[in-house]
1. With viscosity set to 0.692 mPa s and temperature to 37 °C, compute the Stokes-Einstein D of the chain, Rh being the Kirkwood radius across alpha carbon pairs; µm²/s, no decimals.
2. Starting from the 7 Å offset along Cα-to-Cβ, what nm value, one decimal, do you get for the label separation of residue 343 and residue 114?
3. Listing 332, 40 from the residue with the fewest other Cβ atoms within 10 Å to the one with the most, what is the order?
4. Report, in degrees rounded to the nearest 10, the 0 to 90 angle that the Cα long axis of helix 295-306 makes with the longest principal axis of the chain.
5. Give me the extension gain from residue 63 to residue 25: residue separation times 0.36 nm, minus the current Cα-Cα distance, reported in nm with one decimal.
6. Taking 0.36 nm per residue of separation and subtracting the Cα-Cα distance, what length does fully extending residue 249 through residue 136 add?
7. Label 7 Å along Cα→Cβ of residue 185; region 240-259 residues with amide nitrogen under 20 Å?
8. Against the longest alpha carbon principal axis of the chain, how many degrees, from 0 to 90 and to the nearest 10, is the axis of helix 330-341 turned?
């Protein structure tokens with residue numbers, strides 16, 4: 001028994017030694033059409049010096065255009081981490097007109113009754129090409145064996161990208177790919193959307209995985225099947241998975257159903273010999289929770305440690321707490337966390353900022 005305990009302890013130490021935190025870098029992608037500041041992006045790499053292939057992640061398009069400026073790469077942090085664990089350097093890119101990416105919104109497809117989805121998809125794909133071009137000049141990542149991953153309008157952009165594939169693109173994964181949903185189960189010019197997929201299929205030859213939930217209220221099962229059939233009929237190579245119903249609207253499968261879609265992705269990646277065969281072990285930052293927190297607060301602090309930067313955790317001496325994550329700056333995270341905690345009590349203070357205790361973070365910033 002004593003030997004078993006020693007072996008278990010050694011295994012635990014070895015596991016802790018292997019697990020490392022990923023490397024995160026905030027970027028501005030140069031793009032002639034997005035001057036002066038380019039495209040907003042975040043790169044998250046596995047630890048180590050190996051040149052991992054890129055997994056290019058891109059977002060959907062909200063029905064309400066006023067929501068576009070508030071979007072950020074941090075919304076895809078959890079999804080990006082899944083691809084980092086699978087041996088990719090995850091690059092989350094905001095296309096023109098979303099978040100702080102310059103160049104204005106350029107993906108308009110025309111009036112509802114006469115949509116030009118083909119052109120809109122190509123415009124979105126141009127932004128992805130700019131990101132790939134920037135990554136091809138780096139020595140710490142590789143565009144060989146890379147994949148494009150997108151949701152909704154981002155999945156559609158990935159299909160468009162594959163119709164004129166950049167060197168090194170090995171596969172596309174599209175979650176609920178499409179455009180033109182203006183309300184639940186109401187898509188502008190659905191025949192035009194199907195025709196756009198047929199046009200892309202004429203030249204797209206990389207393997208693709210398409211995932212649509214049974215109760216997707218943006219692009220329902222019947223439309224998904226039509227788009228898939230049209231794409232493959234002209235030469236495309238897409239595997240369609242009709243996933244079970246998820247929540248109230250299956251369009252949220254990508255954002256909220258990670259545990260459900262990762263087995264689908266793993267099977268696809270292995271079938272095409274992409275990424276790592278074994279999951280890379282990643283660690284989360286190790287910080288002690290505020291001692292005054294009870295069980296619920298401690299669990300929330302664990303969630304905070306795994307959340308996207310920039311983030312801050314606020315707590316009061318009596319155990320009230322709140323945290324906010326995925327902000328563009330540390331100061332914004334600090335302000336939002338304090339404001340949230342102040343709803344419960346007026347004596348909240350910042351306990352942690354990003355992956356440091358507040359005192360250490362302040363000292364580091366002062367140097």
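Throughout, read-outs are computed from the coordinates displayed, never taken from laboratory work. None of the values given here were measured: they were computed from a predicted structure. Here Cβ is always computed from backbone atoms with ideal geometry, including for glycine, and neighbour counts include all displayed protein chains.
1. In µm²/s, the coefficient rounds to 150.
2. Computed distance between label sites residue 343 and residue 114 equals 4.7 nm.
3. Fewest-to-most Cβ neighbours within 10 Å comes out as 332, 40.
4. Compared with the principal axis, the helix lies near 50 degrees.
5. Going from the current span to full extension adds 10.7 nm.
6. Length gained between residue 249 and residue 136: 36.9 nm.
7. Residues passing the 20 Å test: 242-253.
8. 70
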